[in-house]
1. If you line up the long axis of helix 58-70 against the longest principal axis of the chain, both from Cα atoms, how many degrees apart are they, to the nearest 10?
2. Tell me which residues come under 5 Å, amide H to amide H, from Gln56 once H is placed; ignore anything under 5 positions away on its chain.
3. Treating the angle as unsigned and between 0 and 90°, give the value, to the nearest 10°, between the Cα long axis of helix 73-84 and the longest Cα principal axis of the chain.
4. Can you tell me which lysines have their Cα less than 26 Å from the Cα of Lys6? Leave out same-chain residues fewer than eight positions away.
5. Provide the per-residue ³J(HN,Hα) series for the range 32-45, in order, calculated from phi with Karplus coefficients 6.51, -1.76, 1.60 and θ = phi - 60°, each as a whole number of Hz, with x at glycine and proline positions.
6. Bin all alpha-carbon pair distances of the chain at 10 Å intervals from 0 and give each bin's fraction as a whole percent.
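Just so you know, all these numbers are worked out from the coordinates, no wet-lab data involved. Because the structure is a prediction, the values reported are computed rather than measured.
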Amino acid sequence: MESRDKDKFDNKDIKKRTLDTLFGEVTIKRRYYKDSNDDFRFLLDEYLNIPANKRQSPALKEIALDLVTELPYRKYLRDFNQSFFNF
């Protein structure tokens, strides 16, 4: 990973984000930057390709979509919750 261009990005804050992943909940701390166009960005989210305002990781979402298309809804909910959240 390359270092950021300090002339283009000004570090403004550090914020936490929690994601549901295949391994359970993962909380990360990432820096919040203001760029030269006065837009605010999370460079780590962009680098890891994590969509804004989404709680599920892309891999977890993909597995959930595969299950829901192959199983009846009640069986999907039971299997998904048992597999990932121990309900």
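1. In the chain, helix 58-70 runs at an angle near 20 degrees to the longest axis.
2. Placed amide hydrogens put Asp20 under 5 Å from Gln56.
3. Roughly 60 degrees, rounded to the nearest 10.
4. The reachable lysines, counting only those whose Cα sits under 26 Å from Lys6, are Lys15, Lys16, Lys29, Lys34.
5. Those phi angles translate into 9, 10, 10, 8, 5, 9, 6, 9, 9, 8, 9, 5, 5, 4 Hz.
6. Histogramming the chain at 10 Å steps yields 15, 37, 24, 15, 9, 0 percent.
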